[in-house]
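Data block below; observations after.
The values are calculated or read from the model by the stated rules, or taken from the named source; none is laboratory data. Everything quoted here is computed from the prediction, not taken from an experiment. Positions of Cβ are backbone-derived with ideal geometry, glycine not excepted, and every protein chain shown enters the neighbour counts. These accessible areas exclude ligands, DNA and RNA; they are computed on the full protein's heavy atoms, side chains included. Shrake-Rupley method; radii C 1.70, N 1.55, O 1.52, S 1.80 Å.
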Amino acid sequence: MFFHAHPDDEALLTAGTMAMLAAEGHRVVLVVATAGERGLAEMEPGDALGETRLKELYTSAALLGCARVECLGYGDSGLSPKGGSADERPDNAFIDADTEEAAKALAAILQEEEADLLAIYDPAGGYGHPDHVQVHRVGRRASEIAQTPIVLEATVNRDPLVRLLRLASRFYRFPPEFDVRTFESAYSASETITHRVNVRKYAKQKRASMAAHASQASGGDSDRTLAVMLKVPRPLYRLVFGTEWYVRRDLPPGARLTHPFDPWPP
C-alpha cells in the first residue's frame, strides 16, 4: 500500500516502484488523504478541482497497475505562501485531523488488504508540506495498529539532487516555487537512505502517471514543477528519474537495498 497526501504525489515519488511491483504480480493499493482541492491550478480551488484531481488519480493508478484506489476524504490543508500551514483551511483539513482517528481509518484498509508493506513519507514530509508531515504521523501509527511488517518512507536523495539543480539553474530559469535552496534541508541525506530502487524499466509508466495529472502542470505565473519534469527529454528522463529512494527505520544505517522486499541481512 502506498499512502500519499494528494493526487499527483504518487507520480512524483513512488510511481516507478508501484509499476514495478504491479508488474511483478503484487497487489498494489493507492490511498490518498485528500482530493487536493486546494492545489494550485488553472481551475479555482474547491470541489470541482478536487473531483478533477481524483479523476486524474484514477487514470494515474490504472497506468501504474494499481488494483485499488481509496481517498480518506480529509480536506486539503493547503500551503501558505511562505511554505508553512495555511491560515485559512477547511474544517476537516488533514493537518487538523485527530492522528489516532485517521490512523485507524488507514489501518482498517491495511488490515482488510493484509498489506505486507506501507509506503509513507519521511518525518519532514519531504519538502515540508503540512499534509505530507501528517502522512508520516498517520502512516506510522496506522502501521503499528495493523502490525504492517515493512514501512518505507518515500524520499529523495538530496545530495545529488541539490548538485543537479544547481547545475541546471545555470541554464534554466526555474519557476519561483522551485527554489533550489529549499532542497538543501529537504528530503534525506544519502547516508540515511536504505533503499535505492532502479525503476528505469518503468520510466514510461512513471512519465505517463505524471502526465495524467494535467491540472497540476499549469496554474500560477509560470510552469509548475510537474510541467518542468515532463519537459525533460525522454532519454534523459529515464536517467534522471530512474531511481526512487526510501528509508526503512528498522534497518541499520548503511543498509543499501535495491527492492522493497529485499531481506535483511541480504
5 angstrom amide H check on residue 32, placed H, neighbours 5+ away: 4, 70, 71, 72
- prompt: What GluC sites (Glu not before Pro) does the stretch 82-167 have in DSSP loop regions with at most 16 other beta carbons within 10 Å?
  reply: 88, 114
field: Protein accessible area in the chain, 1.4 Å probe - carbon and sulfur %
entry: 51
field: Filter on 55/206; 206/231; 55/231 - keep pairs with C-alpha separation over 20 Å
entry: 55/231
- prompt: Sorting 250, 122 by accessible area (1.4 Å probe), largest first, what list results?
  reply: 250, 122
statement: Residue-normalised value, i.e. accessible area per residue, for the chain at 1.4 Å probe, in Å², stands at 48
task: Divide by every residue of the chain the summed helix terms, -39500 (n - 2.57) for each DSSP H run of at least 4, and state the resulting mean residue ellipticity at 222 nm, rounded to the nearest 500 deg cm²/dmol.
output: -11500 deg cm²/dmol
- prompt: Could you name the aspartates and glutamates in cross-link range of residue 204, using Cα to Cα under 12 Å and dropping any fewer than eight places away on the same chain?
  reply: none
- prompt: Most fluctuating residue of 18, 43, 210 in a GNM of the chain with Cα springs under 10 Å: which is it?
  reply: 43
- prompt: Each residue of the stretch 89-104 in order: what ³J(HN,Hα) in whole Hz does its phi give by Karplus 6.51 cos²θ - 1.76 cosθ + 1.60, θ = phi - 60°, with x for Gly and Pro?
  reply: 8, x, 4, 9, 3, 4, 5, 9, 5, 5, 4, 5, 4, 5, 5, 5
- line: When all Cα-Cα pair distances of the stretch 1-79 are considered, the percent exceeding 16 Å is 45
Among beta bridges that DSSP assigns inside the chain, antiparallel share in %, nearest 5: 30
task: Provide the per-residue ³J(HN,Hα) series for the stretch 142-152, in order, calculated from phi with Karplus coefficients 6.51, -1.76, 1.60 and θ = phi - 60°, each as a whole number of Hz, with x at glycine and proline positions.
output: 4, 5, 5, 4, 7, 6, 6, x, 10, 10, 10
message: Taking amide H atoms as placed 1.01 Å from N in the peptide plane, list the residues 5 or more away in sequence, or in a different chain, whose amide H sits under 5 Å from that of residue 122.
response: 154
- request: Based on the mean of other Cβ atoms within 10 Å per residue, sort peptides 28-39, 185-196 so the most packed one is first.
  value: 28-39, 185-196
- prompt: When the Kirkwood hydrodynamic radius is evaluated over all pairs of different C-alpha atoms of the stretch 1-150, what value in angstrom, to one decimal, is obtained?
  reply: 15.4
statement: Under 5 Å from the placed amide H of residue 243, counting only residues 5+ away or on other chains, we find 199
- prompt: Which shape class, rounded, prolate or oblate, goes with the stretch 90-137 when its Cα gyration tensor gives a ≥ b ≥ c as root eigenvalues, a/c under 1.5 marks rounded, and past that a/b bigger than b/c marks prolate?
  reply: oblate
